[in-house]
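The values are calculated or read from the model by the stated rules, or taken from the named source; none is laboratory data. A quick note: this is a predicted structure, and the numbers were derived from the prediction, not measured. Counting neighbours? That spans all protein chains shown, and the Cβs are built from the backbone with ideal geometry, glycine included.
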Amino acid sequence: MQKQAIVIGAGPAGLMAAETLATAGLAVEVYDAMPTAGRKFLMAGKSGLNLTHAEAFEQFAARYGDRRAWVEPWLRGFGADELREWAQGLGAETFVGSSGRVFPKDMKAAPLLRAWLHRLRAAGVRFHMRHRWLGWDAAGALRFATPDGEIKVGADGTVIILALGGGSWARLGSDGAWVPLLTACGVEVAPLRPANCGFDVAWSAHFREKFAGQPLKSVVATFGDQQRQGEFVVTRHGVEGSLIYALSAALRDAIAAEGSATLHLDLAPGRTLERLTAEIAHPRGARSMASHLQSRCGIAGLKAGLLRECTAREDYGDPARLAAAIKALPLRLAAPRPLDEAISSAGGVMAEALDGNLMLRALPGVFCAGEMLDWEAPTGGYLLTACFAGGRAAARGALAWHAESRP
């Protein structure tokens, strides 16, 4: 008789854990609160599934910041190359974009997920959807809320992998409802916080009404010792987009420590400060300052509006001060946007709560994987890669524990 394994959570980490366990010969049962599997995975691929990144391993691993030492062994077992080969095995040929990001050739998540679920079911994996995990009962059975009422599933001698996601995008299943269930069992969990998120800015009513929804392109953002070039979007509440997400962890932590954070923007990265100063000082005759800045400095539209929003009126009378503002415009960020709006979350089950095989020290036989663990990464394929790799690592750890704990 096959030995049973239970995976709770049908996102990338949970599905990869299920595949690894099933390949090893275990009978796998997957439970998830949502009606269908991979809901957040599908949403992430709505505008093009960024599966992983093609940069060199050392640079790739560095993207995980102070959690690199924890995440790196997962990536060495199943990194970007292995993920692309795995996708190829499901009929999803990939390509490397100009930014180094890796996408399926058809850019879509749905065909890949369909092929994956088909292969899992063919391997004997059984799915139980609309089953929300409620923890354990006094006898150690797993409790689930279902459309037909609560059920209990015996877990004695069963491998259990939790892959419950973080706390963002609750409507797709990542609602953090598991946090009190694990803390009640003595598991150390760092508070969930927004990652890859937008931030609040106290725009004036005029600026908000005129520019909300517009992209700010071709700028360089600097915060502390970090600098990135790219673009972001002005929203009614503040700012969001890839350039902001790249710096969001440092910005979020600074706001938590100091109450706010000031991001500096170079609105004219192709021009030096000296050149800008000279261009602004050039006689403008009867032209307005707005027309002068557009023709001499390329500052128009949203860039011009942002410059007006973040500088004093008197700065416009001093070419040196105005040029300095264009090269390092201070943008004060008041707070990160709410967790549920974030692309991902930081915090979660702490490394100290797990052994080297990702098993909970407080709950032998229970393993954790994916975004519910206390690591974070920027967008660009890093989040997904570590979820896939972490799911595989947790399953391999579970298999090792299973073999050691059985005669």
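Can you name the residue in the stretch 309-331 that is among the charged types (D, E, K, R) and farther than 21 Å from ILE244 by Cβ and, of all such residues, is surrounded by the fewest Cβ atoms within 10 Å (Cβ to Cβ)?
Of the stretch 309-331, the ones among the charged types (D, E, K, R) are 309, 313-315, 318, 321, 327.
Subsequent filtering for residues that are farther than 21 Å from ILE244 by Cβ retains 313-315, 318, 321.
Values: ARG313: 7, GLU314: 9, ASP315: 18, ASP318: 14, ARG321: 16.
The qualifying residue surrounded by the fewest Cβ atoms within 10 Å (Cβ to Cβ) is ARG313.
Just a yes or no: is a residue in the stretch 237-249 exposed (fewer than 14 other Cβ atoms within 10 Å of the Cβ) and in contact with a strand residue (DSSP E or B) (Cβ under 7 Å, 6 or more places away or on another chain)? Please lay out each step first, then the result.
Step one: of the stretch 237-249, the residues exposed (fewer than 14 other Cβ atoms within 10 Å of the Cβ) are none.
Within the stretch 237-249, none of the residues are exposed (fewer than 14 other Cβ atoms within 10 Å of the Cβ) and in contact with a strand residue (DSSP E or B) (Cβ under 7 Å, 6 or more places away or on another chain).
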Study note, to complete from the structure: Output for Cβ contacts, cut-off 9 Å, separation at least six or different chains, first residue touching a residue at least 60 places away in the same chain (Cβ under 8 Å) and within 23 Å of ARG67 (Cβ to Cβ) in the stretch 332-352, second among the aromatic types (Phe, Trp, Tyr) and in a strand (DSSP E or B), reads PRO336/PHE199; ARG337/PHE199
Practice item. Take the stretch 232-254 and flag every residue that is in contact (Cβ under 8 Å) with a residue 40 or more places away in the chain and among the small types (Gly, Ala, Ser). Key: GLY238, GLY241, SER242, ALA246, SER248, ALA249
Exercise for review: Test GLN229 against the criterion of being touching a residue at least 24 places away in the same chain (Cβ under 8 Å) and in contact with a Pro (Cβ under 7 Å, 6 or more places away or on another chain), and give yes or no.
Suggested key: yes
Check your understanding: Taking ARG252, is it surrounded by fewer than 19 Cβ atoms within 10 Å (Cβ to Cβ) and either outside the structural domain of SER99 (by TED's automatic domain parsing) or farther than 27 Å from SER47 by Cβ (or both)?
Key -> no
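Each row is one residue, and each column tells you yes or no for (1) in a loop (DSSP other than H, G, I, E, B); (2) surrounded by fewer than 22 Cβ atoms within 10 Å (Cβ to Cβ).
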{"residue": "GLU376", "(1), (2)": "yes, no"}
{"residue": "GLY380", "(1), (2)": "yes, no"}
{"residue": "LEU383", "(1), (2)": "no, no"}
{"residue": "ALA393", "(1), (2)": "no, no"}
{"residue": "ALA398", "(1), (2)": "no, no"}
{"residue": "TRP401", "(1), (2)": "no, yes"}
**Study point:** Residue tally, condition over 20 Å from the mean Cα position of the chain (by Cα) and either of a type in the set (Phe, Trp, Tyr) or outside the structural domain of MET350 (by TED's automatic domain parsing) (or both), over the stretch 58-113
**Key:** 2
Review point. In the stretch 180-202, how many residues are touching a residue at least 24 places away in the same chain (Cβ under 8 Å) and either among the charged types (D, E, K, R) or out of contact with any helix residue (DSSP H, G or I) (no Cβ under 7 Å at 6 or more places or on another chain) (or both)?
Key: 12
Exercise for review: Look at the stretch 57-71 and say how many of its residues are farther than 10 Å from ALA377 by Cα, out of contact with any helix residue (DSSP H, G or I) (no Cβ under 7 Å at 6 or more places or on another chain) and modelled with pLDDT of 95 or more.
Suggested key: 4
Check your understanding: Assuming GLY298 fulfils every condition listed in (1) touching a helix residue (DSSP H, G or I) at 6+ places or on another chain (Cβ under 9 Å); (2) of a type in the set (Gly, Ala, Ser); (3) surrounded by 15 or more Cβ atoms within 10 Å (Cβ to Cβ) apart from one, which condition is it?
Key -> (1)
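Conditions (1) among the charged types (D, E, K, R); (2) modelled with pLDDT of 95 or more, marked per residue:
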site	(1), (2)
GLY165	no, yes
SER168	no, no
ARG171	yes, no
VAL179	no, yes
TRP203	no, yes
ALA212	no, yes
SER218	no, no
ALA221	no, yes
GLU240	yes, yes
Point to revise | Filter pass, LEU363 being free of Cβ contacts under 8 Å to residues at least 40 places away in the same chain, buried (at least 16 other Cβ atoms within 10 Å of the Cβ) and within 30 Å of LEU21 (Cα to Cα) | key: no
Review point. Does the stretch 198-212 contain at least one residue that is crowded, with 22+ Cβ neighbours inside 10 Å, outside any loop (DSSP other than H, G, I, E, B) and touching a Pro at 6+ places or on another chain (Cβ under 9 Å)?
Key: yes
Check your understanding: Counting residues that are touching a residue at least 60 places away in the same chain (Cβ under 8 Å) and surrounded by fewer than 16 Cβ atoms within 10 Å (Cβ to Cβ), which helices (runs of 4 or more DSSP H) fully inside the stretch 1-103 reach at least 1?
Key -> 12-23, 39-44, 68-77
